[in-house]
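Colleague: Here you go, one structure.
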Amino acid sequence: MLNIIPQVRSCTVYGGDVATERQPKIICCEEAQFCEPLARKLFQTICPSIKPDAENAKVTVSFLKDESIPEEGYRLDADNDEIKIEASEKKGWTYALVTLRQIMQADDEGKPFLLECPCCHIEDGPRFPYRGFMLDEARNFMGEDVVKRVLKLMCFYKLNVLHWHLSDDQGYRIESKVFPDLNRIASRRNDTQVGGFASNKFAGCKHEGYYSHSQIKKLIAYAKELNIDVQPEIDLPGHISALTAAFPDISCLGESHSVPTTFGNFAGALCVGSDKAWEVIFALLDEICEVFDSKYVHIGGDVFDFSDWKTCPSCKRVAEENGIADEHGLLAFALNKIIDHLDKKGKIAVVRTSEYIDGIDSRAVLHLFKNLPTETLDKFAAEGRKFIVSPHHLCSFDVPYVMTPMKPLYAMEPSHYLGKNADKAEILGVEGLLWSEWVYDLQKIEFNSLPRICALSEKGWSPKEAQDYSSFSKRWQANRKVLDTADVNWACDRLARGNLLFRSRDIFIWRTADQYGEVRRNKK
C-alpha cells in the first residue's frame, strides 16, 4: 500500500525503488513543458541535498501525452530507472506530480543525497468532477496569503473548487466600482462577537477588509495553476445586513443600521417588491460576473427570519400578483429571478437547499446542505437535477470534532442523501464548508480542516470500492509527515476522532474556538 490521499483508482507495487543521487533528467512533450520547473522544485523540496547536475543522472522522468486518458486522469509508471507520467492535459500531469510528492522520499538515514520512488504502476482519475471547499471570509476577512495557503492544501488533496463565501450579514468582501461607497460601509464593522452564539464577549476592535478586482484576478490566476476553479458567493435574498447597511432602501423597512457585530439569524432581507433593490443586486451580480470567470455563481439561498417579508406591503403585493401563497413561495420567486439573471449572463447559479425551495428553477445546481422534505427531494432527483452534496452534520468543518468526528464523515456516501431516485439525479460532487464565525486565522483554518479535507477528498476522488477507513487512517499517519515539512497545523488523532469524554458537555453551543481541548497548536 502506498501512502496516497486520496486513494488512487488502481495501484500495483512491484517492490524496490527508482533511486537517484542527482536531479533526474526530465523529458516533456510540448504541452507538458510547464512540468519541468515544477518537477525540479519538487525533487529539491523532497531531498534538499540532491546533486543538481542532471546531465549525468541515470534516472529519467518523462511527461508524455495520451489522449485516451480522461480529463484530470493520469498514468504513472516507475521502474528500471524511469518514471513515466502520461495524461491528456494539464490537470492530469499536475495531479500526477501531487501523487509523486506523496510517494517519493529522501533516504536520510544512510544516503542523504538519495531520492527514492517506489516501483509501481498507478492509473488514476476522479470519481466526481466537483470536489469543493468553502472558505467563509464574509465573517472574518483573512487576506491573500491565507487564501493561497488554502489553495495549496486543496491542490495537494486534489480538490478543484474554491467556493469563496464573500458576502453575508457581517461583511461584503468584493470591491465595487459601480457603487464606490459600498465597501466603506459594508466591508467594515465596529466589533466582533467572540466565544460562541450565546456569548456577550467581544473582541474590542474594528474588523474590516475586502478584495480589489486586481487581487481577485491574481488569486484566480494562481488557483488556475493549481487546477482550482474559484466560485464566488453573494448570499441572497437574506443574509444581506452588510449590504443594507450601505443601501437601507433595498430592505423592507428601509431603516439605517450598522454592519452587525454578532452572529446568528437576522430579519433584514432584500425587498422583493422594490425596483431599487433589484437594480442594486443585478448591478452587483453583473460586476461579479465580469471579475470571476467561473461558470458558477453561488447565491446562497439560506433561510432567514421572514418577519419583514410577512409585514412588507411591497412584498405582499408581489406575492398577490404572482399567486404566491406565503413567504416560502416568495423565497423561491426571488431566487428564480436571480437564477434567470445569471443565466442571461452565461452563468449557472448554485443554491443551498432549504425546506422552502420546492419551486426552484431547474437551471440551478442544488447544493444539498440541509435536508429537503422527502417529497421535494424525490421529485428533484427524479427530474435529473444536478446536486453538490454537503450534509450539514458532516461537512460543516467549523464545528468541533466532537460534534463531527472523522469516521462518520469518511462513511458518507453522497448518493444516500438523494432519496429513492438517487440513480436519476446527477451528482456533481461533494464539498466541505468552513464557516468562519469562530475561525479567525490560518492555524484555526488548518486545524479544523485537516484531516477533514483528506476524508472529503477521498469521497470526491476515489472509487467507492477503494474507500476503507482503516486504510485511510494508516495513510493519513504517513501523509502528515509531508504536512509537517510545511508546518501545517493538523488536528491530532485524539481530537479528530471525537473524544467521547467531551460529548457530555453542551456540544450544541457552537463555540468552536479552542474549546473541548481543541488547541491551536496541537503538537505542543
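Colleague: Assuming 0.36 nm per residue, please report the length gained on full extension of the stretch Gln215 to Glu383 beyond their Cα-Cα distance.
Modeller: Full-extension gain reported as 56.5 nm.
Colleague: Separate question: What accessible area per residue, rounded to a whole number of Å², is obtained for the chain using a probe radius of 1.4 Å?
Modeller: Per-residue accessible area for the chain comes out at 40 Å².
Colleague: Taking the Cα atoms only, what angle lies between the long axis of helix 213-225 and the longest principal axis of the chain, rounded to 10 degrees?
Modeller: The two axes meet at around 40 degrees.
Colleague: Moving on. Enumerate by residue number the GluC sites (Glu not before Pro) in the range 16-111 meeting two conditions: DSSP loop (anything except H, G, I, E, B), and at most 14 other Cβ atoms within 10 Å of the site's Cβ.
Modeller: For GluC sites (Glu not before Pro) across the range 16-111 that sit outside H, G, I, E and B with at most 14 neighbouring Cβ atoms in 10 Å, the list reads Glu67, Glu71, Glu109.
Colleague: Tell me, in nm to one decimal, what length is gained between Ser258 and Lys420 on full extension, where the rule is 0.36 nm per residue of separation less the Cα-Cα distance?
Modeller: 53.7 nm is the gain from fully extending Ser258 to Lys420.
Colleague: All other residues with a Cβ under 13 Å from the Cβ of Lys420 taken together, and with Lys, Arg as +1 and Asp, Glu as -1, what is their net charge?
Modeller: Combined, the nearby Lys, Arg, Asp and Glu give -1.
Colleague: For the chain, give the share of DSSP beta bridges that are antiparallel, in percent and rounded to the nearest 5; count only bridges with both residues there.
Modeller: If I count the DSSP bridges inside the chain, around 40 percent turn out antiparallel.
Colleague: Here's another thing I want to ask about it. Please work out which option in (i) 223; (ii) 161; (iii) 248 gives volume of the Cα convex hull per residue in Å³ calculated from these coordinates, and answer with its label.
Modeller: The calculated read-out lines up with (ii).
Colleague: Computed FRET efficiency, Cβ-Cβ of Asn56 and Ile27, R0 22 Å: what is it to the nearest 0.05?
Modeller: For Asn56 and Ile27, the calculated efficiency is 0.90.
Colleague: Work out, step by step, the length gained on full extension between Asp81 and Arg149: first 0.36 nm times the residue separation, then minus their alpha carbon distance; give nm to one decimal.
Modeller: My answer for the length gained is 21.1 nm.
Colleague: Enumerate the lysines that Lys316 could reach by cross-link, defined here as Cα to Cα under 25 Å, with residues fewer than 8 away along the same chain left out.
Modeller: Output for Lys316: Lys276, Lys337.
Colleague: Okay, next question. Ordered by residue, what ³J(HN,Hα) values in Hz, to whole numbers, does the range 359-370 give under the Karplus form 6.51 cos²θ - 1.76 cosθ + 1.60, where θ = phi - 60° and Gly and Pro are x?
Modeller: Here the 3J(HN,Hα) series is x, 5, 4, 6, 6, 7, 7, 9, 8, 6, 9, 10 Hz.
Colleague: Measure nothing but the geometry: give the 0 to 90° angle between the long axis through the Cα atoms of 327-344 and the longest principal axis through the Cα atoms of the chain, rounded to 10°.
Modeller: The answer is roughly 60 degrees.
Colleague: Summarise the accessible area of the chain (1.4 Å probe, protein heavy atoms) by the percent that is carbon and sulfur.
Modeller: So the carbon and sulfur contribution to the accessible surface is 48 percent.
The values are calculated or read from the model by the stated rules, or taken from the named source; none is laboratory data. For clarity, every value in this text was computed on a predicted model and none was experimentally measured. Cβ atoms come from the backbone with ideal geometry, glycine included; neighbour counts cover every protein chain shown. Note: areas computed on protein heavy atoms with side chains; ligands, DNA, RNA excluded. Shrake-Rupley method; radii C 1.70, N 1.55, O 1.52, S 1.80 Å.
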